[in-house]
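Report on the structure given below.
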Amino acid sequence: MNERVQQLLNQMNVLEDELRTALSEQQSTMFFQIKGKRVEFEQSIKATHRKLKINFFRWLVTDRPQNLITGPIIYSMIVPLLVTDLFVSFYQFTCFPIYGIKKVKRADYIIFDRQHLSYLNFIEKFHCTYCAYGTGMVAYISEIIARTEQYFCPIKHARKVLSTHARYSRFLDFGDAENYEAKLEEYRRALSPDRIDKK
């Protein structure tokens, strides 16, 4: 990897850290605290949220009809999501210890906290739970696959890829064959539980 690319990657890491800090500071102005797995709002905010909540029957009448019509199709996707989740998790729990790769923690990716929002009715909370599971599970699987790719083939593609995982930018350039086996071993060692880093 050339020096300019390395410099840009380091700058990106610094900016991502700054963004996470800024988002965290913004959340602290929203008058809530995280206590274990619970999110607690100030009483005045809770009262405001309850006033803004649309009851189920009014929501049913005012919600877009296409959302209700397509609901069974959307929720039928839970079957392939669960099956994929099961198989990928099984793969990780059986193979990662053999490869010496640190396991991915699902709690870092699949987060259920929107049920603490009092302005959502029970159907909206159900939607949020489904979406949190789906998007979180896809991110969880993406990280498992990214670690697998780093272990077996940490090489960039020749063609431009529209969207990549966080590890991809540090992979070897396409066609960079010099000392490939030694570099591959270093990529593998970087995945061990005592060394792993998301970047």
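The values are calculated or read from the model by the stated rules, or taken from the named source; none is laboratory data. Owing to the predicted nature of the structure, the values given are computational and were not obtained by experimental measurement. Heads up, the Cβs are rebuilt from the backbone with ideal geometry, glycines too, and the neighbour counts pull from every protein chain shown.
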Can you name the residue in the range 158-195 that is of a type in the set (F, W, Y) and over 23 Å from the mean Cα position of the chain (by Cα) and, of all such residues, is surrounded by the fewest Cβ atoms within 10 Å (Cβ to Cβ)? F174
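One line per residue, one yes/no per condition, for (1) in contact with a Phe, Trp or Tyr (Cβ under 8 Å, 6 or more places away or on another chain); (2) not basic (K, R):
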| position | (1), (2) |
| --- | --- |
| I141 | no, yes |
| Q150 | yes, yes |
| C153 | no, yes |
| K156 | yes, no |
| V161 | yes, yes |
| A166 | no, yes |
| S169 | no, yes |
| D173 | no, yes |
| A190 | no, yes |
Is there a residue in the range 122-132 that is under 15 Å from I101 (Cβ atoms) and surrounded by 12 or more Cβ atoms within 10 Å (Cβ to Cβ)? no
Log entry, pairs with first residue in the range 1-18 being part of a helix (DSSP H, G or I) and surrounded by 10 or more Cβ atoms within 10 Å (Cβ to Cβ), second being among the hydrophobic types (A, V, I, L, M, F, W, C) and modelled with pLDDT of 75 or more, beta carbons closer than 7 Å, six or more apart or on different chains, reads none
Checking the conditions here, which among I155, I111, I145, I141 is surrounded by 13 or more Cβ atoms within 10 Å (Cβ to Cβ) and within 30 Å of N55 (Cα to Cα)? I111
Checked I101, I111 against criteria (outside any helix (DSSP H, G or I), touching a residue at least 12 places away in the same chain (Cβ under 8 Å) and farther than 30 Å from E185 by Cβ); the one match is I111
